[in-house]
Amino acid sequence: MMTERFTDLKTIADSELFSSRMEMVKYMMLRLIGQSGTGLGAWEMQISLREAGVELSTATAGRYLKELDSSGLTAKLSNKGRVLTDRGRSYMEQMDTELISSYLHKGVKKAAGGGEYKDLFDIYAVRIPIELESVRLCCRSASKEEIAEIGRYAESYGQLAQGGEDFTNTSLDFHVLIANATRNQFMAALLEMLIFEQKKIENSLEYLITRRYGLLFSRQHQEIYESIRDRDEERAVHLMQVHFDEIINAMREDQSARKISEKEASPPAPAH
């Protein structure tokens, strides 16, 4: 279980979900109470926290527990200690989901922390399978209004490309609109997260070969839109694959050309 990794303050802090140490400690206390099953006393709580590297005075631990009681997340069962209430269990399920989401999002940001083609290749390796299924589901599920919006973005992309203006955000937002029309919230959220990171990389690059292909890619976006409008799933998937093949090929060719240019520009090795 991914939630098992959130057992110490450092890992919890790395998620960047909590704004204070107190909130993190309270989360740990709730997790320990939930794991106890039959109830956890204040003394046992202090021992468990100490084993996790958290030192709390008896007074502080007692105050935190009373605050958890007052919030309705825990309840005291005579001599058995505290247990989670129904509200406490629901709260922990929600927090666990948010922790995992925050952790994964941070992992993607870290993975995309550079600004070279390798980072883009890595993102595309994850994006492409999702994009192909996304456009298929979009053909099935998108409303007329959503399809019209996709069409407007395709038209805007073409106008920007013809005018020699920056079309990076419009191009990527076109794909976000398709994902949002799938009715699959997890697919849409994951794709939007990947595209958000890709935007940051592309906007940080002074030169990107795909910017030279604006007219071609805008025409491909228009064709993809038309296939979605016609609810033609197979054509939409095929066109999306062709679109990404063109992008990857352009990047690979540019990368190879740059390596050759750098090699030719390097001074010869000194003779021995």
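Under the simplified labelling scheme, the Ser101-Lys118 pair shows an inter-label distance of 3.2 nm, with each label point 7 Å from Cα along Cα→Cβ. Taking the longest Cα principal axis of the chain as reference, the axis of helix 21-36 is set at about 70 degrees.
For the chain, the longest principal axis of the C-alpha atoms and the axis of helix 233-265 are separated by about 80°.
Comparing Glu206, Glu23, Glu149 in a Gaussian network model of the chain (Cα springs below 10 Å), the most mobile by mean-square fluctuation is Glu206. Largest mean-square fluctuation among Arg252, Arg136, Arg63, in a Gaussian network model of the chain whose springs join Cα atoms under 10 Å apart, belongs to Arg63. Simple point charges give the picture: +1 on the Cβ of Lys and Arg, -1 on the Cβ of Asp and Glu, and for the chain a dipole about the Cα centre of about 1060 debye.
Once backbone amide H atoms are built at 1.01 Å from N, Gly41 has Arg82 as its partners under 5 Å, excluding neighbours fewer than 5 places away on the same chain. Give, as a single signed number, the net charge of other residues whose beta carbon lies under 12 Å from the beta carbon of Leu172, with Lys and Arg counted +1 and Asp and Glu -1. Once positives and negatives cancel, what remains is -3. Helix 86-111: angle to the longest alpha-carbon principal axis of the chain, degrees 0 to 90, nearest 10? Here the helix axis deviates by roughly 40 degrees. Within the full protein context, the accessible area of Ser70 is estimated at about 110 Å² for a probe radius of 1.4 Å.
For Arg211, neighbours were defined as the other residues whose beta-carbon sits under 14 Å from its Cβ, and their charges (Lys and Arg +1, Asp and Glu -1) total -4. Note on the chain: with neighbouring protein chains present and a 1.4 Å probe, carbon and sulfur make up 52 percent of its accessible heavy-atom surface.
Between Gln35 and Ala125, what is the FRET efficiency for a Förster distance of 41 Å, r being their Cβ-Cβ separation, to the nearest 0.05? Could the numbers behind the result be given before it?
Details: r = 37 Å, r/R0 = 0.91.
Here the calculated transfer efficiency is 0.65.
So between Tyr207 and Gln222, what do we pick up on full extension, going 0.36 nm a residue minus the alpha carbon distance? Provide the component values of the computation, followed by the final result.
On the way: separation 15, 0.36 × 15 = 5.40 nm, distance 2.49 nm.
The Tyr207-Gln222 span can extend by a further 2.9 nm.
Placing a pseudo-label 7 Å from each Cα along the Cα-to-Cβ vector at Ala257 and Asp230 gives an inter-label distance of 3.3 nm.
Computed log10 I(q)/I(0) for the stretch 1-101 at 0.10, 0.21, 0.25 Å⁻¹: -0.24, -1.14, -1.60, from the Debye equation with unit scatterers placed on every C-alpha and solvent omitted.
Here the Karplus relation 6.51 cos²θ - 1.76 cosθ + 1.60, evaluated at θ = phi - 60°, turns the backbone of the stretch 126-135 into coupling constants of 8, 5, 4, x, 5, 4, 5, 6, 4, 5 Hz, with x for every Gly and Pro. Here the chain is treated as a Stokes sphere of Kirkwood radius computed over C-alpha pairs; at 37 °C and 0.692 mPa s its diffusion coefficient rounds to 147 µm²/s.
Modelled spin-label separation between Ser141 and Ala42, with each label point placed 7 Å from Cα along the Cα-to-Cβ direction: 5.0 nm.
Considering only Ser19, Ser102, Ser204, the mean-square fluctuation computed in a Gaussian network model of the chain, springs between alpha carbons under 10 angstrom, is largest for Ser19.
Find out how many positive minus negative residues lie around Arg183, taking Lys and Arg as positive, Asp and Glu as negative, among other residues whose Cβ is under 13 Å from that of Arg183.
Values: positive: Arg136, Arg140; negative: Glu133, Glu146.
Neighbour charge sum, excluding Arg183 itself: 0.
Helix-only arithmetic for the chain: the sum of -39500 (n - 2.57) across DSSP H runs with n ≥ 4, divided by the residue total, places the mean residue ellipticity at 222 nm at -24500 deg cm²/dmol.
The values are calculated or read from the model by the stated rules, or taken from the named source; none is laboratory data. Keep in mind the model is a prediction, meaning the values are calculated, not measured. We place every Cβ from the backbone using ideal geometry, glycine too, and count neighbours over all the protein chains shown. Remember, those area values only see protein heavy atoms, side chains included, never the ligands or the DNA or RNA. Shrake-Rupley method; radii C 1.70, N 1.55, O 1.52, S 1.80 Å.
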